[in-house]
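The values are calculated or read from the model by the stated rules, or taken from the named source; none is laboratory data. A quick note: this is a predicted structure, and the numbers were derived from the prediction, not measured. So basically every Cβ, Gly included, is an ideal-geometry build from the backbone, and we count neighbours across all protein chains shown. These area figures cover heavy atoms from the full protein model, side chains too; ligands, DNA and RNA do not enter into them. Shrake-Rupley method; radii C 1.70, N 1.55, O 1.52, S 1.80 Å.
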There are 2 protein chains.
Amino acid sequence: VKAGVGGPPLLDALRAAVGEAHVLLGADAAGYEVDWTGRFAGTAAAVVRPGSTEQVVAVVRACATHGVPVVPRGGGTGLVGGAVPRAGAVVCSLERLTAVGDVDPTTPSVVAGAGATLAAVDAAAARHGLAVGVDLAARDAATVGGMVATDAGGTRVVAHGTMRRHVLAVRAVLADGSVVGRVPGLVKDAGGYDLAQLLAGSEGTLGIITAVHLRLVPRPAATTTAVVGCGDVADVLDRVAAARRTGPLLAAELLQASGVRLVAAHLGVPPPLPEPLPALLLLLEVAGTPDDAAVAALVGGRPAAVALDAADARRLRAVREGHAEAVQRAAAALGRVPRKLDVTVPPGALADVLAELDRRDPAAVAFGHVADGTLHVALLGAAADEDEAALLRLVADAGGSIASEHGVGAAKAHLLHLIRTPAEVAALRALKRALDPEGLLNPGVLLPPAP
Amino acid sequence: VKAGVGGPPLLDALRAAVGEAHVLLGADAAGYEVDWTGRFAGTAAAVVRPGSTEQVVAVVRACATHGVPVVPRGGGTGLVGGAVPRAGAVVCSLERLTAVGDVDPTTPSVVAGAGATLAAVDAAAARHGLAVGVDLAARDAATVGGMVATDAGGTRVVAHGTMRRHVLAVRAVLADGSVVGRVPGLVKDAGGYDLAQLLAGSEGTLGIITAVHLRLVPRPAATTTAVVGCGDVADVLDRVAAARRTGPLLAAELLQASGVRLVAAHLGVPPPLPEPLPALLLLLEVAGTPDDAAVAALVGGRPAAVALDAADARRLRAVREGHAEAVQRAAAALGRVPRKLDVTVPPGALADVLAELDRRDPAAVAFGHVADGTLHVALLGAAADEDEAALLRLVADAGGSIASEHGVGAAKAHLLHLIRTPAEVAALRALKRALDPEGLLNPGVLLPPAP
């Protein structure tokens, strides 16, 4: 980014763009300068909170004029430093764009501002017996704009795919200040390259999403929730296959005994299965209410807790969803910031990856969406950069991905070559140059610095 | 495209790339120089039939060296001149890349060569109780590569979305001869911009897809098929809503009495409802076998034919699927080539569009996937370019799309501005320049010539 000349100083231009009350500095800005884990942090030139797409345009133009990068920020629940200022960037928080439109029950779909939380959009959908097709534990903070920008996954991917599959259209501000995308969009529109799909997963490096048009899915009327104890990875995969046979599989979450104990202590509840816990536990959610024989087939004679009602199901899910906070708390007690890896591990490599993880950091906690291969890893011990890199390399060599959720961010940009060929990286760079030739939007994220 | 220097003459280079038997000239090439309707045609420098991704690379390199454009071609079922040579281009037919891999019943998904037909891939899926999520009448000719490149729709969009939603990964050759995309891909991989989703719907202008990894959907065990007579568009929309209430809606196809008579005569069968036919007929497919009360609610007291068995259902579907051929035949009898428009019409504008169509060409036949707004129009009368443009403008002004299926092609590139803002067209142009700076791949398709 080259500094512009003329015009008011940056802060004046930003205040003109969004109003004085929405330009935050110093202590007011501090909460926007760090990610959820505390691992990634920087100093912002300012934090701005535009109230409309037009104000986002004005922010982008002001930053372009002054040669200052812009970092778009949603709910701040990312784990890869993708929404944290670097080098005095301006953080553009979309938190005020919270409008949720009327649900169109026919498509079915809904339009929401980028800053609307998943919980808010899902609540609107629920009033029509519908749901957002993606669900995740951070639903009260994560915004739909951020979820599209990072192609969020979560627990329901096995049933409905990742966030991009639900995107019918987005409105976005490009680096040149132009606005693209018709919202609401059409279910069918083959009129040129799909900018919405290109922006989905681009982590704010190609444009700033200000509104999304999301397809909705039917809300399952009844769900069977169970935690099943498993001896090893093979046993887990066997139970996932059994769950697929039982009914439409909504979620299959792998947990470790160590993680479950951490969460139970954090929540002050007993573990879902009696001690001694099996090494691995599997949280299964299947649509419908299978009969006793089907539940028996699902459990397959293993130790299990099957929810009898919605409260039971919530308690079982809480053990899964409490992992992030419990891990954070445990790390803090050790005076550490956890290193978090979110990777895709092919089923055949899962046992090896868990073993290597245990070897490098016996205190590590792993959990994830085993049906689609996502493994969330928190290194709580004294793991070093080289341990992290070695684990990511192991995953990549096994045919997995070093970025299953949250995106590449700043954390893994230098390792993108592990999963993308030089030709692919060159193509991604060409696309970035095409839409953001000055490197205004979220520089340092997704792509490594040019060689 | 600038002519290169040195190296063998073009034809020698192409023969070296794919073997002499797979470089077609003259009469052998004729079938590749025209589209299905006969409306779009050109003369190719040669037609090549590579047998591997590596051979596609060699073809692209040879053409780049000689400054000759490349037009990728799938099954040749497009209707917008998207796969027809212009200005002495080389046609690169993917017809030999027909391999269909083993179905992975877990994901569930399958890998297929770009030249595999929809029917071939769907047959492989059927052996596992699965289906390709997109279905269309041209299934025996349309290839999965072409379907991804044009983001094909068809009759099942209301249930499963368009082709891009089923794409997990593609392998493609870019204009610089580089190969991108890992096939099979992963269900979860947030590692950078999604090239597969950018190539989907790019109509061969950004890369040549050589293999696709497609998600599969469950094959519905039982389907209820009915044709319901409707008085007007409001009645049609009312019945579509009723069908949504009856069960998961798989298809809702709008037909006109005139089109149904044309098809019945062409097939030598009676129309599905007794004469006098209602003005509009609606072919509905609903998953499951609703009871008598549900069928009565579906039909709502209107004249109707409900399939009692699979043979009945096939006969009802044949009336829908026979439209393309019957229209082509009727036009030929008039000594004309039909003008075909494939547009998305918002429900509120459908009656107006049909009325304007009738006013401009009383012989026109319209049919389509009414639940997602797709209207296929065949102008059989003496309609002129101005009639076609006026109809497309009407659709665009109503908030629809001039390109619901088949893409923009060469036919509508000059009208892209009707549905895309200058900023959006500029962004599309920037992406094209980024990946194909010399304009080697399918020039004249999708984007209008630079101003």
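Quick look at the numbers
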item: Net charge contributed by nearby residues that have their C-beta within less than 11 Å of A:Ala120 (K/R +1, D/E -1); result: -1
item: Helix axis angle, A:233-246 relative to chain A longest principal axis, alpha carbon, degrees; result: 90
item: Separation between Cα centres of the range A:162-203 and the range B:394-435, rounded to whole Å; result: 14
item: Net charge, A:Arg244 excluded, C-beta distance under 13 Å - Lys, Arg +1, Asp, Glu -1; result: -2
item: Cα-based helix-to-principal-axis angle, A:422-435 vs chain A, degrees rounded to 10; result: 40
item: Per-residue SASA entry for B:Arg329, accessible area with 1.4 Å probe, Å² rounded to 10; result: 150
item: Per-selection Rg to Rh, the range B:1-156 - Cα, Kirkwood hydrodynamic radius; result: 1.02
item: B:Asp309 accessible area, assembled protein chains, probe 1.4 Å, Å²; result: 80
item: Residue-averaged beta-carbon neighbours from other chains (10 angstrom radius) around A:414-424; result: 4
item: Cross-link pairs A:Lys188/A:Lys432; A:Lys432/B:Lys432; A:Lys188/B:Lys432; A:Lys432/B:Lys412; B:Lys188/B:Lys432; A:Lys432/B:Lys188 - those with Cα-Cα distance over 24 Å; result: A:Lys188/A:Lys432; A:Lys432/B:Lys412; B:Lys188/B:Lys432
item: Surface per residue (accessible, 1.4 Å probe) for the range A:311-451, Å²; result: 38
item: Per residue accessible area in Å² of the range A:47-92, where ligands, DNA and RNA are left out and the probe is 1.4 Å; result: 26
item: Label point 7 Å beyond Cα along the C-beta direction, distances from B:Ala450 to other copies (nm, shortest first); result: 1.9
item: Antiparallel DSSP beta bridges within the range A:1-112, percent to nearest 5; result: 40
item: Chain B: radius of gyration over Cα atoms, expressed as a fraction of 2.2 N^0.38 Å; result: 0.99
item: With every protein chain in place, the range B:247-385: carbon and sulfur % of accessible area (1.4 Å); result: 58
item: Where B meets A: accessible area buried, both sides, 1.4 Å probe, Å²; result: 4700
item: Intensity falloff of the range B:249-342 expressed as log10 I(q)/I(0), Debye formula with alpha-carbon point scatterers, at q = 0.21 Å⁻¹; result: -1.12
item: Within 10 Å of each Cβ in B:196-205, the average number of Cβ atoms from other chains; result: 4
item: List of the range A:129-170 residues, accessible area with partners at least 20 Å² below that of the chain alone (1.4 Å probe); result: A:Val157, A:Thr162, A:Arg164, A:Arg165
item: Cα-based Rg of the range B:251-295 normalised by 2.2 N^0.38 Å, two decimals; result: 1.36
item: Charge sum, other residues only, whose C-beta stays under 13 Å from B:Pro448's C-beta, Lys/Arg counted +1 and Asp/Glu -1; result: +3
item: For chain A, calculated [θ]222 nm from helices alone, where every DSSP H run of n ≥ 4 adds -39500 (n - 2.57); result: -9500 deg cm²/dmol
item: B:Met147 - accessible surface, heavy atoms, 1.4 Å probe, Å² rounded to 10; result: 10
item: Contact order normalised by residue count of the range A:103-227, Cα under 8 Å, 6+ apart, percent; result: 33
item: Amide proton proximity set for B:Ala211, modelled H, under 5 Å, gap of 5+; result: B:Ala114, B:Arg171
item: Relative contact order (%) - chain A, alpha-carbon pairs under 8 angstrom, separation at least six; result: 15
item: Accessible surface, 1.4 Å probe, highest first, among residues B:His414, A:His22; result: B:His414, A:His22
item: Solvent-accessible area per residue for the range B:123-267 (1.4 angstrom probe, square angstrom); result: 28
item: Average other protein chain Cβ within 10 Å of Cβ, residues A:428-435; result: 6
item: Karplus-derived HN-Hα couplings along the range B:192-208 (A = 6.51, B = -1.76, C = 1.60, θ = phi - 60°), whole Hz, x at Gly and Pro; result: x, 3, 8, 4, 4, 6, 6, 6, 5, x, 8, 6, x, 8, 10, x, 10
item: Rounded to whole Å, sorted largest first: equivalent-ellipsoid semi-axes of the protein assembly as shown, Cα gyration tensor; result: 44, 34, 28
item: Spread of Cα-to-Cα distances over 10 Å intervals beginning at zero, given as percent, for the range B:296-335; result: 25, 33, 26, 14, 1
item: Three-way shape call for the range A:106-165 based on the alpha-carbon gyration tensor, with the a/c threshold at 1.5; result: rounded
item: The range B:202-295: relative contact order as a whole-number percent, Cα under 8 Å and 6+ apart; result: 46
